[in-house]
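Let me begin by presenting the structure, written as structure tokens, before commenting on it.
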Amino acid sequence: MSEEVNLFHETAFKQFKKAADLCQLNSTVREILSQPKNELIVNFPVRMDNGEHALFKGYRIQHNNVLGPYKGGVRFHPMVTLDELKAFAAWMTWKTALMGLPFGGAKGGIKFDPKKHSTDELRRITRRFLYALEGNIGPDYDIPAPDVGTNAQIMDWMMDTYIATHDSRDREVEKGVVTGKSIECGGSEGREKATGQGLVHVLEEWMRNHGRSLKDTTYFLQGFGNVAYFTAILLHEQGAKLLAVNTSTGTTFNKNGIDPVNLLNHYKSKEKVKDYPHGETISKDDFFSIQADVFIPAAIENEINEVTAPLIQTPLVVEGANGPTTMEGEEILKKKGVEILPDILASSGGVTVSYFEWLQNKRSEHWELEEVDRLLKGKMQKAYARVKQAKEEYKTDFRTAAYIVALKLIETVYSRRGIFP
């Protein structure tokens, strides 16, 4: 696993270097962005249900905040590492800059398996982690969000801990210390589906530019978590056909199409897509070899690599996961003429609606779903247009163009503000 994480970190910064070279990024800005601004490691004890105490290791990587407060998820997972979080934090810097949001990039986590703990233990672990970070978190400084192993309930506990331990009369504004909260605790309408929805908007723009629509478009998905499920639901509503789904437990395939709602009901009860009664089980190699219009990897990093990339036959890959494609995998796809809509563009809907949530908390407002959906669509369309323009200007691929859009904005801000002292 450590080799995979190192590869993941290496891929992230090779992509950064490629774009920085092509757009001739200022050397000082390049040096600043090559490392996170802060790397926080905290070790804290938590009382377990049996009365004994266990020691936990937590991280918060704050990559850059020249555009605004640090922003990024918190993951609870036994394989959380410093290198992995450094790569994710940098990706958040590129994402927020690309989307034109007043945020920087961050990422954090605790190295443990949340499935092995009771609800009471999770609550105490969460609260103690937030408390251990002390003054390094705040609604105008660093704003966590859900990630792997965390959810709205975890964010509600984090928010409550922050408010309870800070002396302020403006409690409503302080709700913005985290995003991805439950609706009742200050969360935003549309946040749960936001990443999948943003991906669909980007895919729509690509289709429109190629004189096509989503109706009757065939696709297959890797993963069936939040991002993949909402992507499938939204594409289903527009007449696209889901051919297959692959997860860690296997693959189901149906050439006539899969109903994502029906599959979810099965998945929740059985937890194995390969046993889906309306599909046939196929191997992972056969999954990657499916003939379709679009492949959407929305599971984990490094899945499209030197082994799997030669199998892919779709003309388009849309990245719903962070870092699903290695540099070697990408080169193979490019030689085959496969276009890639990259993660920092296609999966930016979540952080965009997190920004809307933050604004609503600051203004003591709650926006209707229609307003959130309208604003998200506009943001995704504008970001796609900026990337497409950079792609044409620099005669490069979508990923490098997306990085260039982000890096040039950051470079401009540094040139105008100067570097202290």
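The values are calculated or read from the model by the stated rules, or taken from the named source; none is laboratory data. Quick caveat: nothing in here was measured; it's all calculated off a predicted structure. Please note: Cβ atoms are built from the backbone with ideal geometry, for glycine as well, and neighbour counts cover all protein chains shown.
Structural remarks
Table: residues versus (1) touching a residue at least 12 places away in the same chain (Cβ under 8 Å); (2) in contact with a Phe, Trp or Tyr (Cβ under 6 Å, 6 or more places away or on another chain).
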position: 18; (1), (2): yes, no
position: 21; (1), (2): no, no
position: 33; (1), (2): yes, no
position: 42; (1), (2): yes, no
position: 69; (1), (2): yes, yes
position: 73; (1), (2): yes, no
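- Test: residue 306 is exposed (fewer than 14 other Cβ atoms within 10 Å of the Cβ) and touching a Phe, Trp or Tyr at 6+ places or on another chain (Cβ under 8 Å): no
- Looking only at region 175-215, and only at residues there that are among the charged types (D, E, K, R), in a helix (DSSP H, G or I) and touching a residue at least 60 places away in the same chain (Cβ under 8 Å), the one that is farthest from residue 344 (Cα to Cα): 175
- Any hit, region 260-269, residues being out of contact with any Pro (no Cβ under 8 Å at 6 or more places or on another chain), at pLDDT 90 or above and surrounded by 17 or more Cβ atoms within 10 Å (Cβ to Cβ): yes
- Given (1) in a loop (DSSP other than H, G, I, E, B); (2) touching a residue at least 40 places away in the same chain (Cβ under 8 Å), number of the condition residue 264 does not satisfy: (1)
- Take the conditions (1) assigned by TED's automatic domain parsing to the domain that holds residue 294; (2) assigned to a helix (DSSP H, G or I); residue 172 misses just one of them, which is (1).
- Residues (touching a helix residue (DSSP H, G or I) at 6+ places or on another chain (Cβ under 6 Å) and not in a helix (DSSP H, G or I)) located in region 72-108: 72, 76, 81, 99, 101, 103, 104, 105, 106, 107
- In region 145-154 there is at least one residue matching the filter, namely being out of contact with any Phe, Trp or Tyr (no Cβ under 9 Å at 6 or more places or on another chain), without any contact (Cβ under 8 Å) to a residue 60 or more places away in the chain and small (Gly, Ala, Ser).
- Check on residue 234, out of contact with any strand residue (DSSP E or B) (no Cβ under 6 Å at 6 or more places or on another chain) and within 17 Å of residue 196 (Cα to Cα): yes
- Filtering 315, 297, 310, 260 for residues that are assigned by TED's automatic domain parsing to the domain that holds residue 203, under 25 Å from residue 342 (Cα atoms) and out of contact with any strand residue (DSSP E or B) (no Cβ under 9 Å at 6 or more places or on another chain) leaves a single hit, 310.
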